[in-house]
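The structure under discussion appears below in the form of structure tokens.
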Amino acid sequence: MTWLTDLLAILPFMTPDRAEIVINSFWPMLKGGIYYSIPLALISFAIGMCIALFVALIRIVPRTSLWHKIVYRLARVYVSAIRGTPMLVQLFIIFYGLPNVGIKLDPFPSAIIAFSLNIGAYASETVRASILSIPKGQWEAGATVGMTYLQTFRHVILPQALRVSVPPLSNTFIGLVKETSLASLVLVTELFKQAQIITARNYEFMLVYTEAAIIYWGICLFLSFLQGKIETRLDRYVAK
């Protein structure tokens, strides 16, 4: 790695010792991203999307019974409460607050619950708006060919709504990858937590945190590239 150290040392303010720190800290931080940050984002996003679809359906389907009206009100309170409070506060309530009422969770599950609930609330509005954006004629077309309300929703409305929601939901996921840095505050050793551990040893805060930011940036650039590919592929099925 001598050649890499010499190459980095060419940069302004980069001494050989600092170049060595950059090289030695790269893999621990990247490993934190691969083993914790990305899995945390993927699992939370998957669970959050299930919550989002359920909440969106509750708020769209006609309220014909008392039970449905109660669930509808609860869904609105859930969305309002999550969107009206910081994610950090939600994370602290789950990890530090729940033990006071006898519920103790490990750091990783606590982060998953907090991020899933947060994504579920925000994504539910995206999914709901996407469903409502589908023309009413699509519902009528489904009824014309003999489909029930549920069949029309499943086979006609939902596929179109999911295609419409891909760009905003992709942005939500990319944002979630960055938000996983908050998990460091509940002892999850993800990418940013690794950066904190490294800076505690060498006190090179500017250097290591900048390197962590570049790694986050690289991950988000890759995800943005995948987002563009998915949108291009889905666009092939749209009538021009």
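The values are calculated or read from the model by the stated rules, or taken from the named source; none is laboratory data. Note that the structure is a prediction, hence the values are computed from the model and not measured. Note: ideal-geometry Cβ built from the backbone for every residue, glycine included; neighbour counts use all protein chains shown.
Quick notes
- Qualifying residue in the range 113-123 (condition: touching a Leu at 6+ places or on another chain (Cβ under 8 Å), crowded, with 16+ Cβ neighbours inside 10 Å and without any contact (Cβ under 8 Å) to a residue 24 or more places away in the chain): yes
- Looking across the range 80-98, the residues that are under 19 Å from the mean Cα position of the chain (by Cα) and not hydrophobic (A, V, I, L, M, F, W, C) come down to S80, R83, G84, T85, P86, Q90.
- Restricting the range 45-84 to residues that are among the charged types (D, E, K, R) and modelled with pLDDT under 90 leaves a set whose member that is nearest to E125 (Cα to Cα) is R59.
- Check on F225, surrounded by 12 or more Cβ atoms within 10 Å (Cβ to Cβ) and either part of a helix (DSSP H, G or I) or touching a residue at least 60 places away in the same chain (Cβ under 8 Å) (or both): no
- In the condition set (1) surrounded by 13 or more Cβ atoms within 10 Å (Cβ to Cβ); (2) among the aliphatic types (A, V, I, L, M); (3) closer than 28 Å to V188 by Cβ, I58 is compliant with all but (3).
- Looking only at the range 65-85, and only at residues there that are polar (S, T, N, Q) and closer than 23 Å to T172 by Cβ, the one that is surrounded by the most Cβ atoms within 10 Å (Cβ to Cβ): T85
- Test for P107: is it modelled with pLDDT under 95, of a type outside the set (K, R) and within 19 Å of the chain's Cα centre (by Cα): yes
- Selection count, the range 156-209, where residues are among the hydroxyl-bearing types (S, T, Y) and either touching a Lys or Arg at 6+ places or on another chain (Cβ under 9 Å) or over 26 Å from P107 (Cβ atoms) (or both): 4
- Enumeration of residues in the range 35-44 that are more than 10 Å from G120 (Cβ to Cβ) and surrounded by 16 or more Cβ atoms within 10 Å (Cβ to Cβ): Y36, S37, I38, L40, A41, I43
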